[in-house]
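Trainee: Sharing a structure here in structure tokens format.
Read the figures in this text as sums done on the coordinates, not as results from a lab. Since the model is a prediction, treat every value here as computed from it, not as a measurement. Glycine also receives a Cβ, built like all others from the backbone with ideal geometry; neighbour counts cover every protein chain displayed.
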Amino acid sequence: MKQDRPKISDVARIAGVSTATVSRVISNPGMVSEDTRATVQAAIAETGYRLNHAARNLRHQRTGGIVALVPNLSNPFFAQILSGIASVLVPAGYNLLVADTHSAGAEMLLDYAEPSRADGLIVLDGALPAAGLSGRVPVVQACEWVPGLLAPRVKIDNAAAAALAVAHLADLGHRRIGHVAGPRGNVLSEARFKGTVEALRARGLPCPDQADYAADFSLEAGRAAADRWLAADTATRPTALSFASDAMACGFIGEVQRHGLVVPRDVSVVGFDDIELIAHISPPLTTIRQPRAALGRLAAERLLARLRGENDPGDDMLLPVELVIRASTAPLV
């Protein structure tokens, strides 16, 4: 004979609580005392009860899914952010769906902002249209932000972070400091270039032109920047460079090394992000560390609060960064 599937009432009976209490333990455990949570969880384990997510989502008119809109899934920078997001959403009963905004069409992306497709969005691409994301489902922005989109932001102070790189290189004695920026118009690129220029001006140092080493965050862009740097007059070219991404810094180092130069003897290099591999290249890369997992966790927590109907102050949440000094920078000799 087929055994009946355990019901929530079975859990409540064994735990000696109401079915409403069992439901709260499952969906909102913070509302229940620690002892009660432990008793209910033991009863769940004993009965083998499993929540019917599809039925619950149907009752509450929700999909059970949160979509993260990511500008480039091949970029290792996003791995820790997505892991942080999942660490919050999955225990809360939500599925994390990830869409690559570079490969998906605009119409498909806007479909994700429909209540029938997702309960909420976490936006990591600042190039998306604000109008298409507004007013459909709750939205939180992480790392990048969309100008004009009125949704909470979890990010770092990119200008101040870029200034840390300048201060480090200047303190090492460098006076010709260049900057390899990301794409023109990108919110991160613009903020990091602005911070670089302001820091150089504050020290009375010459400022680079954004077009000198404009790039696109990629390894290939870093290699191309190396070609331009190698072709410049050695008497006037920068003795140190800050990069708007670690990937570009790695591409640059690889190319100058192929031409027989040594980092940091011939040029000091600072990256941005602290992706995992840069501590293992030669030389290990000095960089600005972003708290990527925390960015993801806090963005997810902020979105869940919005889904619960809690008031959000709407202010930017700024996370601290750290200058990580490794072997790719050295005093000017």
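Trainee: Just rank SER87, SER103, fewest to most, by other beta-carbon atoms within 10 angstrom. Could you put the intermediate results ahead of the total?
Mentor: Details: SER87 14, SER103 10.
So the ranking, lowest neighbour count to highest, is SER103, SER87.
Trainee: Can you give me the long-range amide H partners of LEU319? Hydrogens built in the peptide plane at 1.01 Å from N, cutoff under 5 Å, separation of 5 or more residues or another chain.
Mentor: LYS155, ILE156, ASP157
Trainee: Which one of PHE272, GLY182, ALA199 has its Cα pushed farthest toward the positive end of the charge dipole of the stretch 158-291, where Lys and Arg give +1 and Asp and Glu give -1 at the Cβ?
Mentor: Working it through, the farthest residue towards the positive pole turns out to be ALA199.
Trainee: Search the structure for amide H atoms under 5 Å from the amide H of SER328, placed 1.01 Å from N in the peptide plane, and list their residues when 5 or more places away or on another chain.
Mentor: HN-HN under 5 Å from SER328: THR286.
Trainee: Right, here's the next one. When Cα Rg over 2.2 N^0.38 Å is calculated directly from the model, which label among (i) 1.23; (ii) 1.08; (iii) 0.97 fits?
Mentor: Checked against the structure: label (i).
Trainee: Separate question: Among SER134, SER18, which comes first, second and so on when ranked by fewest other beta-carbon atoms within 10 Å?
Mentor: Numbers: SER134 14, SER18 11.
Listing SER134, SER18 from fewest to most nearby Cβ atoms yields SER18, SER134.
Trainee: Among 144-156, 36-48, how do they line up by average Cβ neighbours within 10 Å per residue, starting with the highest? Each step should come with its number before you reach the end.
Mentor: On the way: 144-156: 18.8, 36-48: 16.4.
The densest-packed peptide leads the list: 144-156, 36-48.
Trainee: Right, something else. Among ASN95, ASN311, ASN75, which one shows the biggest mean-square fluctuation in a GNM of the chain, springs joining Cα atoms closer than 10 Å?
Mentor: ASN311
Trainee: Compute the long axis of helix 187-202 from its Cα atoms, compare it with the longest principal axis of the Cα atoms of the chain, and write down the angle in degrees, 0 to 90, nearest 10.
Mentor: 40
Trainee: Can you give the net charge of the other residues whose Cβ lies under 11 Å from the Cβ of VAL70, counting K and R as +1 and D and E as -1? Mind dumping the intermediate values first?
Mentor: Details: positive: none; negative: ASP100, ASP125, GLU144.
Around VAL70, the surrounding residues sum to -3.
Trainee: Let me ask something else. Just the number, please: percent antiparallel of the DSSP beta bridges in the chain, rounded to the nearest 5.
Mentor: Working: 3 of 30 bridges.
In the chain, DSSP labels about 10 percent of beta bridges as antiparallel.
Trainee: Mean residue ellipticity at 222 nm from the helices of the chain, using -39,500 (n - 2.57) per DSSP H segment of n ≥ 4 over the full residue count, to the nearest 500 deg cm²/dmol?
Mentor: Only helices count here, giving -12000 deg cm²/dmol.
Trainee: Same structure again: Using Cα springs under 10 Å in a Gaussian network model of the chain, which residue among ASP233, ASP125, ASP100 shows the largest mean-square fluctuation?
Mentor: Of ASP233, ASP125, ASP100, the Gaussian network model singles out ASP233 as fluctuating most.
Trainee: Based on the Cα gyration tensor of the stretch 67-226, what are the three equivalent ellipsoid semi-axes, each the root of five times an eigenvalue, rounded to whole Å and given largest first? All intermediate terms of the calculation are to be shown ahead of the outcome.
Mentor: Details: eigenvalues 234, 49, 44 Å².
Semi-axes from the Cα gyration tensor: 34, 16, 15 Å.
Trainee: Ordered by packing density, taken as the mean number of other Cβ atoms within 10 Å over each peptide's residues, highest first, how do 312-323, 110-121 rank?
Mentor: Values: 312-323: 13.0, 110-121: 18.2.
Answer by packing, highest mean first, reads 110-121, 312-323.
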